[in-house]
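Worksheet for the structure shown next.
Taken together, the values in this text are just the output of simple stated rules run on the coordinates, not laboratory data. Remember, it's a predicted structure, so these values are computed and weren't measured experimentally. FYI the Cβ positions are ideal-geometry reconstructions off the backbone, even for glycines, and counts take in every protein chain you see.
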Amino acid sequence: MMKALIVRDLRKTYGKTEVLRGIDLEVEEGEVFALLGPNGAGKTTLIRILAEGLSYDTGEVLIFGMPLSKETARLMGYVPQESIAYGALTVEENLRFYADLYDAPADGVGELIGRFELPPKKKARELSGGQLKKLSLAIALLHEPKILILDEPSNGLDVPARRELWEIIESFRRGGKTVIIATHYMEEAERLADDVAVMNGGRVVAVGTVDDLKRLVGEGSIIHIEGRLRAENLPDGVDVIGENPLRVRDVRRELPGIIEALVRAESEIRLVRIEEPTLEDVFVKLTGRGLE
Ligand SMILES: Nc1ncnc2c1ncn2[C@@H]1O[C@H](COP(=O)(O)OP(=O)(O)OP(=O)(O)O)[C@@H](O)[C@H]1O
Ligand SMILES: [Mg+2]
């Protein structure tokens, strides 16, 4: 399959501070790829190299196999951390301005206003945070990019606005497009991303699907079973931590055997609850610190 992005041994220093310390990444066309990391991890620096032409020291960056250029810039739509809309211009004027700038078809303006339910005559500075973010997204989509790059798009948005944003991102992906999203919200990465690169201190410390990452750090699910429990002959590999709860690697495979062993020993089971490890648990294990 075609790689939308390949990054090899990318390094960037500001003065004496090395903020990207050899980043390697591969993003497949058509996937949502999350850069997950705490403040200062280097997410924005990496994104700005891709989307803004920020300089770097060494390494290689390829967009659909091509080195960064004006041509690859046109393949990317970028929603920066801060809004790029002009406060004094209306929604429609902002979109027309950027359509001109990108040489994008002007009929996209009306279509995007309709699709995102934006108020065309309202000035950008009078929009709510969620509306302003949607305007930034509309601006990024005007020239019909193949890769959408978003830098912490849901910061400051309330839950309904965040869900609306996720819907938009998912519909973009359903169109076969690629999404690269920087975030420090676990929930966002878990909900949207096909693959996650965990960044910390200018490095990618782990990469894979959310499930891969959970397996990688060996976090099993925890099974809480309440009742008057007796068990003999628990399945192989199941550790009993005290009597309860049980921590197991593969719940779907192990749970029937555990229940059977409990029932056979005439336990009285009142409640069974399964607690999946979160990406947060994984992150803490990989980096020794929390995300927020
Ligand atoms: N223009 C700059 N000059 C000097 N240092 C910078 C500059 N921009 C970023 N840095 C430093 O580079 C490091 C990485 O910053 P970056 O903004 O890429 O992190 P981030 O992962 O996006 O963090 P956040 O979650 O806070 O947005 C930080 O230590 C930051 O202070
Ligand atoms: Mg940032």
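Choose one answer from Pro80, Pro119, Pro38: the residue with the largest mean-square fluctuation in a GNM of the chain with alpha-carbon springs under 10 Å.
Maximum among the listed residues: Pro119.
In nm, to one decimal, how far is the Leu229 label point from the Phe97 one, both placed 7 Å along Cα→Cβ?
With each label point 7 Å from Cα toward Cβ, the separation is 6.2 nm.
Where a Cα-Cα gap under 30 Å defines reach, which lysines qualify for Lys43, not counting those fewer than 8 residues away within the same chain?
Lys3, Lys12, Lys16, Lys70, Lys133, Lys134, Lys146, Lys177, Lys214, Lys285
Tell me, what is the FRET efficiency for Arg74 and Thr278 to the nearest 0.05, using R0 = 35 angstrom and their Cβ-Cβ distance as r? Could the numbers behind the result be given before it?
On the way: r = 38 Å, r/R0 = 1.09.
Working from the Cβ atoms, E equals 0.35.
Using a simple spin-label model with points 7 Å from Cα along the Cα→Cβ vector, what separation in nm is obtained for Ile269 and Leu89?
Each label point is offset 7 Å from its Cα along the Cβ direction, giving 6.2 nm.
If each residue of separation counts as 0.36 nm, what is the full-extension length gain between Glu164 and Arg215 once their alpha-carbon separation is subtracted?
Result for the pair: 15.3 nm of gain on full extension.
Pull up the DSSP beta bridges for the chain and report the antiparallel fraction as a percent, rounded to 5.
Approximately 65 percent, going by the DSSP bridge assignments.
Rounding to the nearest 10 and keeping the result within 0 to 90°, find how far the Cα-based axis of helix 91-102 lies from the longest principal axis of the chain.
That works out to roughly 80 degrees.
Give me the net charge for the shell around Pro145: Cβ to Cβ below 9 angstrom, other residues only, Lys and Arg +1, Asp and Glu -1.
Result for the neighbourhood of Pro145: +2.
Give the residue list of trypsin sites (Lys or Arg not before Pro) in segment 122-214 that are DSSP loop and have at most 16 other beta-carbon atoms within 10 angstrom.
Filter output for segment 122-214: Lys122.
Mind pulling the angle between the C-alpha long axis of helix 129-141 and the longest principal axis of the chain? Nearest 10 degrees, somewhere in 0 to 90.
Helix 129-141 sits roughly 70 degrees off the main axis of the chain.
Using a Gaussian network model of the chain with C-alpha springs under 10 Å, which one of Val196, Val79, Val251 is most mobile by mean-square fluctuation?
Highest fluctuation among the options: Val251.
What's the extension gain from Asp24 to Val251 if we count 0.36 nm per residue and subtract their Cα-Cα distance? Working shown, then result.
On the way: separation 227, 0.36 × 227 = 81.72 nm, distance 3.29 nm.
Separation in residues times 0.36 nm, less the Cα-Cα distance, equals 78.4 nm.
Please give the length that would be gained between Phe64 and Arg11 if that part of the chain were fully extended, namely 0.36 nm times their separation in residues minus their C-alpha to C-alpha distance (nm, one decimal).
Values: separation 53, 0.36 × 53 = 19.08 nm, distance 2.05 nm.
Here the answer is 17.0 nm.
Once the chain is represented by equal point scatterers at the alpha-carbon sites, with solvent omitted, what log10 I(q)/I(0) does the Debye formula produce at q = 0.14 Å⁻¹?
-1.01
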